[in-house]
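Right, one structure below, let's go through it.
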Amino acid sequence: MRFLLDDGQRAFAASLDALLTAADTPTVVRDWSRGDHASGRALWSRVAEAGVLALAVPETYDGGLGPRPVDLAVAFVELGRHAVPGPLVETVTAAVLLTGADPGVAKRLLPALASGGTMATVAPEGAFALDGDAASLRLALSPDGIRLSPGHGPVRPSLDPARRLTPLAPGGELLDAPTGQALTWARLATAAQALGVGLALLDRTVGYVRQRTQFGVPVGSFQAVKHRLADAKIALEFARPLVFGAALSLRPAEAAAAKAAACEAAYTTARTALQLHGAIGYTAEYGLSLWLTKARALRTAWGDPHECRALVVSAAGDRRW
């Protein structure tokens with residue numbers, strides 16, 4: 001089976017790429033890492049105006065365009081390619097959770113998520129939530145249901161400085177909302193984001209090895225370098241149909257397979273990129289680390305590789321694909 005984007009989806013991806021290229025996202029990422037959210041919020045508003053956040057909100061709510069998981073995957077590949085910071089996956093997950101909530105609650109909260117007026121984060125109660133200091137809507141998953149957390153604790157360091165972690169405050173309004181497919185959507189969006197991160201790392205590395213010379217020739221002409229890049233390219237291309245296949249089916253096992261494949265491919269590409277860049281890859285000024293650390297962090301977000309593979313094996317054994 002071939003998963004090909006239609007003309008509208010390709011145009012959507014191209015428009016997002018142009019928007020994010022013009023936004024100078026590396027500067028936005030560095031600001032966000034320092035806790036300066038001004039440029040990040042401005043970029044968030046532009047992403048929302050492009051319709052990205054509305055893709056997970058049903059059309060029955062003001063501003064909603066969805067649910068359109070394939071278009072969402074297209075968007076998140078571009079968001080990952082440009083390393084856009086913020087609780088993007090978490091906002092999508094919150095939209096899916098609230099879709100199943102009491103109609104009054106959903107009508108009150110979903111339009112602001114679709115428009116970008118509200119930034120949301122989601123985490124199990126007692127666990128660390130992504131960007132709880134920036135989010136205005138914090139959902140805590142507790143044993144008795146989903147709660148609107150009233151606040152957050154201090155920011156904790158993260159492997160990826162742009163992924164700021166905070167504990168959620170206990171208590172808050174209890175929502176009557178089943179978790180449903182929220183985890184499936186979260187894994188799908190994370191997989192697409194990781195695929196974009198891997199593609200960006202590959203593109204930057206190919207460009208670098210074409211320019212860097214050794215013994216009078218570009219290092220990219222060395223066969224060992226070509227093999228490493230080919231392995232990374234193959235891993236990413238094998239992950240791509242899994243991502244879009246999961247978007248078409250929205251089955252938990254397929255989303256888990258896509259996340260495992262895309263995140264492992266991005267992590268492999270990150271290791272290759274760092275090795276082929278050498279010492280310059282470690283420098284903050286060069287900026288490769290903006291994608292390197294994100295590839296490593298996404299690998300364990302919303303389920304580590306072992307957990308995702310276990311779900312795939314279990315589903316295959318039960319024939320629930």
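Throughout, read-outs are computed from the coordinates displayed, never taken from laboratory work. What you are looking at is a predicted structure, and each value in this text was computed from that prediction instead of being measured. Don't worry about glycine lacking a Cβ; one is built from the backbone with ideal geometry, like all the others, and counts go over all protein chains shown.
What residue among Val243, Val57, Val209 shows peak mean-square fluctuation when the chain is described by a Gaussian network model with Cα springs under 10 Å?
Result for the chain, Cα springs under 10 Å: Val209 fluctuates most.
With r as the distance between the Cβ atoms of Ala127 and His227 and R0 = 41 Å, compute the FRET efficiency 1/(1 + (r/R0)^6) and round to 0.05.
Details: r = 40 Å, r/R0 = 0.98.
Calculated transfer efficiency: 0.50.
What number, in percent, do you get for the relative contact order of the stretch 1-117 if the mean sequence gap of Cα pairs under 8 Å and at least 6 apart is divided by its residue count? Intermediate results must be reported in sequence, preceding the final value.
Working: 126 pairs, mean separation 36.0, N = 117.
Relative CO of the stretch 1-117 lands at 31 percent.
What list of ³J(HN,Hα) values in whole Hz, one per residue of the stretch 48-61 in order, does the Karplus curve 6.51 cos²θ - 1.76 cosθ + 1.60 (θ = phi - 60°) give from phi, with Gly and Pro shown as x?
5, 4, 6, x, 5, 6, 6, 5, 9, 9, x, 5, 5, 9
Using the Kirkwood radius built from alpha carbon pairs, what does the Stokes-Einstein equation give as D for the chain at 25 °C and 0.890 mPa s, in µm² per second? Walk me through the numbers before you get to the answer.
Numbers: Rh = 20.0 Å.
Once the numbers are plugged in, D ends up at 123 µm²/s.
Once fully extended, how much extra length lies between Ser249 and Asp17, figured as 0.36 nm per residue of separation less the alpha-carbon to alpha-carbon distance? If you can, show how the numbers build up before the last one.
Details: separation 232, 0.36 × 232 = 83.52 nm, distance 2.59 nm.
Net length gain for the segment: 80.9 nm.
Of the peptides 15-28, 260-273, 183-196, how do they stack up when ordered by the mean number of other Cβ atoms within 10 Å, highest first?
Peptide ranking by packing, descending: 183-196, 260-273, 15-28.
Can you give the local net charge around Leu165? Use residues other than it whose beta-carbon is closer than 11 angstrom to its beta-carbon, Lys and Arg +1, Asp and Glu -1.
Working: positive: Arg156, Arg163, Arg164; negative: Asp131, Asp133, Asp160.
Once all neighbours under 11 Å are counted, the net charge is 0.
For the stretch 1-91, with the dipole built from +1 on Lys and Arg beta-carbon atoms and -1 on Asp and Glu ones, taken about the Cα centre, which of Val28, Ser15, Leu4 lies farthest toward the positive end?
Of the candidates, Val28 comes out farthest on the positive side.
Taking N as the number of residues in the stretch 7-175, what is its alpha-carbon radius of gyration divided by 2.2 N^0.38 Å? Please list the in-between numbers first.
Numbers: Rg = 15.6 Å, N = 169, 2.2 N^0.38 = 15.5 Å.
Against the empirical 2.2 N^0.38 Å value, I get 1.01 for the stretch 7-175.
Say the dipole of the chain comes from +1 at the beta carbon of Lys and Arg and -1 at that of Asp and Glu; which of Leu55, Ala73, Gly281 then lies farthest toward its positive end?
After comparing all options, I get Gly281.
With runs of 4+ DSSP H residues as the only contributors, calculate the mean residue ellipticity of the chain at 222 nm using -39,500 (n - 2.57) per run, divided by the residue total and rounded to the nearest 500.
Details: 11 runs with 184 residues, N = 321.
About -19000 deg cm²/dmol.
In whole Hz, what ³J(HN,Hα) sequence does the stretch 70-86 give by Karplus (6.51, -1.76, 1.60; θ = phi - 60°), x for Gly and Pro?
For the stretch 70-86, the Karplus-derived couplings read 5, 4, 4, 4, 4, 5, 6, 4, 5, 4, x, 4, 9, 6, 5, x, x Hz, x marking Gly and Pro.
Would you mind telling me the antiparallel percentage of the DSSP bridges in the stretch 7-175, rounded to 5?
Values: 12 of 18 bridges.
Just about 65 percent of them are antiparallel.
Using only the alpha-carbon atoms, how far is helix 223-249 inclined from the longest principal axis of the chain? Give it as 0 to 90 degrees, nearest 10.
The two axes meet at around 20 degrees.
Each residue of the stretch 270-282 in turn: what ³J(HN,Hα) in whole Hz from Karplus with 6.51, -1.76, 1.60 and θ = phi - 60°, glycine and Pro shown as x?
Once θ is set to phi - 60°, the couplings for the stretch 270-282 become 4, 5, 5, 4, 5, 5, 6, 7, x, 4, 5, x, 7 Hz.
Using Cα positions and a limit of under 16 Å, work out the aspartates and glutamates in reach of Lys233, with same-chain residues fewer than 8 apart set aside.
Within the straight-line limit of under 16 Å, Lys233 reaches these aspartates and glutamates: Asp203, Glu264.
So what is the relative contact order for the stretch 182-318, in percent, with contacts set as C-alpha pairs under 8 Å and at least six apart? Don't skip to the end; give the middle numbers.
Working: 176 pairs, mean separation 47.5, N = 137.
Relative contact order comes out at 35 percent.
From the mean inverse distance of alpha carbon pairs (Kirkwood) and the Cα radius of gyration, derive Rg over Rh for the stretch 182-318.
Values: Rg = 16.2 Å, Rh = 15.4 Å.
In the stretch 182-318, Rg relative to Rh is 1.05.
What nm value, rounded to one decimal, do you get for the distance between Ile280 and Leu159 when each label is placed 7 Å out toward the C-beta?
The modelled label-to-label distance comes out at 2.6 nm.
Which value, in debye to the nearest 20, gives the size of the charge dipole of the chain about its Cα centre, when Lys and Arg are +1 and Asp and Glu are -1 at the Cβ?
Numbers: 32 positive and 29 negative charges, 200 e Å.
Computed about the Cα centre, the dipole is about 960 debye.
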